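We did not get these values from a lab; they are worked out from the coordinates using the rules stated. This is a predicted model, so every value here is computed, not measured. Here Cβ is always computed from backbone atoms with ideal geometry, including for glycine, and neighbour counts include all displayed protein chains.
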Amino acid sequence: MAIREVREIGDEILTKHCKPVKKMTLRTKILIHDMLDTMYERMGVGLAAPQVGILKQIVVVDVGDGPYVLINPEIVETSGEQTGEEGCLSVPGKYGIVTRPNYVKVRALDEDLEEFEVEGEELLARAFCHEIDHLSGELYVNKTEDGIHDVPAGEDEA
């Protein structure tokens with residue numbers, strides 16, 4: 001597959017609402033695989049379609065236990081709270097402190113457009129929330145508790 005350009009903060013597409021996926025096409029399957037390749041190449045834990053310039057409700061997430069592909073995802077349940085550092089491939093070299101639910105349940109479609117639910121805690125819950133926010137044009141920088149900071153030299157982004 002291909003590595004796609006990741007759009008960065010200031011690009012208007014990152015502020016737009018995405019459209020639901022109504023049918024699976026070859027073009028959409030290629031997009032999903034390109035998103036996974038791009039996420040891994042950039043050493044991210046998640047990527048949303050608008051970050052590669054496509055206004056579709058698709059996110060990919062992998063916090064180390066294999067990739068999740070979420071089409072038309074919606075958070076249907078949350079509980080608890082966690083506060084921690086968050087970064088974004090669209091905001092390179094920066095991070096901020098963000099409070100998110102510690103647990104989320106997400107309902108989405110898979111690559112065959114079959115509905116499923118997935119639960120996540122801690123980092124996985126944070127990643128689901130972060131990526132799903134992208135689908136409504138929201139960036140974590142608008143949720144930080146103390147602004148955004150530079151990642152110290154030599155450290156990887158979250």
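Hey, what do the phi angles of region 56-68 turn into as Karplus ³J(HN,Hα) couplings, whole Hz, using 6.51/-1.76/1.60 and θ = phi - 60°, x for Gly and Pro?
Along region 56-68, the couplings run 10, 7, 9, 9, 10, 9, 8, 9, x, 10, x, x, 10 Hz.
Sort Leu55, Leu31 so the one with the fewest other Cβ atoms within 10 Å of its own Cβ comes first.
On the way: Leu55 14, Leu31 21.
So the residues, fewest neighbours to most, are Leu55, Leu31.
How far apart, in nanometres, would the label points at His17 and Asp146 be if each is projected 7 angstrom from Cα along the Cα-to-Cβ direction?
Computed distance between label sites His17 and Asp146 equals 3.5 nm.
With each label point set 7 Å from Cα along the Cα-Cβ vector, what nm distance links Glu111 and Asp37?
Roughly 1.3 nm, to one decimal.
Got the relative contact order for the chain handy, in percent, Cα pairs under 8 Å and 6 or more residues apart?
Working: 338 pairs, mean separation 40.3, N = 158.
Relative contact order for the chain comes out at 26 percent.
Quick check for me: using +1 on Lys/Arg Cβ and -1 on Asp/Glu Cβ, what's the dipole size of region 12-150 about its Cα centre, in debye to the nearest 20?
680
Give me the distance between the Cα centres of region 24-49 and region 81-137, rounded to whole Å.
Taking the Cα centre of each part, region 24-49 and region 81-137 sit 16 Å apart.
Lys and Arg at +1, Asp and Glu at -1: add these up for the other residues within a Cβ distance under 15 Å of Arg27 and post the number. Don't jump to the answer; show the numbers that get you there.
On the way: positive: Arg4, Lys19, Lys22, Lys23, Lys29, Lys56; negative: Asp34, Glu111.
It works out to a net charge of +4.
Can you tell me the convex hull volume per residue for the chain, based on C-alpha atoms, in Å³ to the nearest whole number?
Cα-based convex hull of the chain, divided per residue, equals 104 Å³.
So which of Lys23/Lys143; Lys29/Lys56; Lys29/Lys94; Lys16/Lys143 end up more than 22 Å apart, counting from Cα to Cα? Don't skip to the answer; put the middle values down first.
On the way: Lys23/Lys143 33 Å; Lys29/Lys56 12 Å; Lys29/Lys94 31 Å; Lys16/Lys143 17 Å.
Beyond 22 Å: Lys23/Lys143; Lys29/Lys94.
Give me the net charge for the shell around Val60: Cβ to Cβ below 14 angstrom, other residues only, Lys and Arg +1, Asp and Glu -1.
Here the charged neighbours net out to -4.
Can you run phi through the Karplus equation (6.51, -1.76, 1.60; θ = phi - 60°) for region 35-42 and list ³J(HN,Hα) in whole Hz, with x for Gly and Pro?
3J(HN,Hα) across region 35-42, in whole Hz: 5, 4, 4, 5, 4, 5, 4, 8.
Using θ = phi - 60° and the Karplus curve 6.51 cos²θ - 1.76 cosθ + 1.60, what whole-Hz ³J(HN,Hα) does each residue of region 4-13 get, with Gly and Pro shown as x?
Residue by residue, region 4-13 yields 9, 5, 8, 6, 10, 3, x, 6, 4, 4 Hz.
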